Amino acid sequence: MRWAIILLVLALNGGLLAACAGKGQTAHTTRSAGAGTTAASTGSALSRQQALAYAKAVNLTSADVPGFTGSAQRPQRSASETRLEHAMLHCAGSVGSESALAEVGSKSFELKRGILNLSVSSEVTVAHSAATALSTLALIRDAHVRECFSRFLDTLIKGENLEGTTVGPVSIQSGNPPAPGTAGGFGWRVTVPLTVHQLGVSFYLDVLGFVDGPAEVTLSSTGLVQPFPAAIEQQLFKLLLARAKAHAP
């Protein structure tokens, strides 16, 4: 579940939330857990080169999100944040702890309009087996994993110095978006209510994805003030699904 963890660490560590207080924004590239492709589900082994080529063909590009600006800046996390992440992964059952055959993220594509702040990125991870990806899918859908993540967020938020900002209770909703022809889809929406210098806003994180054979394809989007537009999110999800099928080696 590292993709979601990194996004929220950035948001709470002077990134997206700080932008609301006029401090700027930090770009990000996500990481994800579990993975593979349709061809691998039939038993054929993929090489690392094949896995990397597949990930490159599937991931989002700047042409997919006109009007957004791409950034490849990597997130910087403190030692305490890394320890919290490891504790969360242990609680959740070490989601994504097995090394992947390939793990490739797109740039983070961002759009800023005054206080409105949106970003979106994708991630393709190819594991060594379909069984690993199926295990990851089951864990992502598990209520226990969401409970672990909620506790992680509570601890993380309490440890952040968000000057002039009050953070309300975090909520996590889950669902399974349709992903025809795959092992199944998964989806989370994390909502963080905020009061920034007496202004009430919310930060939203959506994580949508699907598992196909040993591959996991993830779409992560964030929004400050309002969620990432649902119509664009759905369009990008369908685009990733179509590419995953079209480029399966």
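A short reminder: the numbers here are calculations on the coordinates, not readings from a lab. Here the structure is a predicted model, which means the values were calculated and not measured. Every residue, glycine as well, gets a Cβ built from its backbone with ideal geometry; the counts of neighbours run over all protein chains shown.
At full extension, Ala79 and Ser150 could sit 23.6 nm farther apart than now, given 0.36 nm per residue minus the alpha carbon distance. Compute the Cα gyration tensor for segment 102-197, then decide on rounded, prolate or oblate, letting a ≥ b ≥ c be the square roots of its eigenvalues: rounded whenever a/c is under 1.5, prolate when a/b is larger than b/c in the other cases, and oblate in all that remain. Note, shape of segment 102-197 comes out prolate. With the highest mean first, a sort of the peptides 146-152, 115-121, 196-202 on other beta-carbon atoms found within 10 angstrom per residue produces 115-121, 146-152, 196-202.
Applied to segment 222-233, the Karplus parametrisation 6.51 cos²θ - 1.76 cosθ + 1.60 on θ = phi - 60° returns per-residue 3J(HN,Hα) values of 10, x, 10, 5, 9, x, 4, x, 4, 5, 5, 4 Hz, with x for Gly and Pro.
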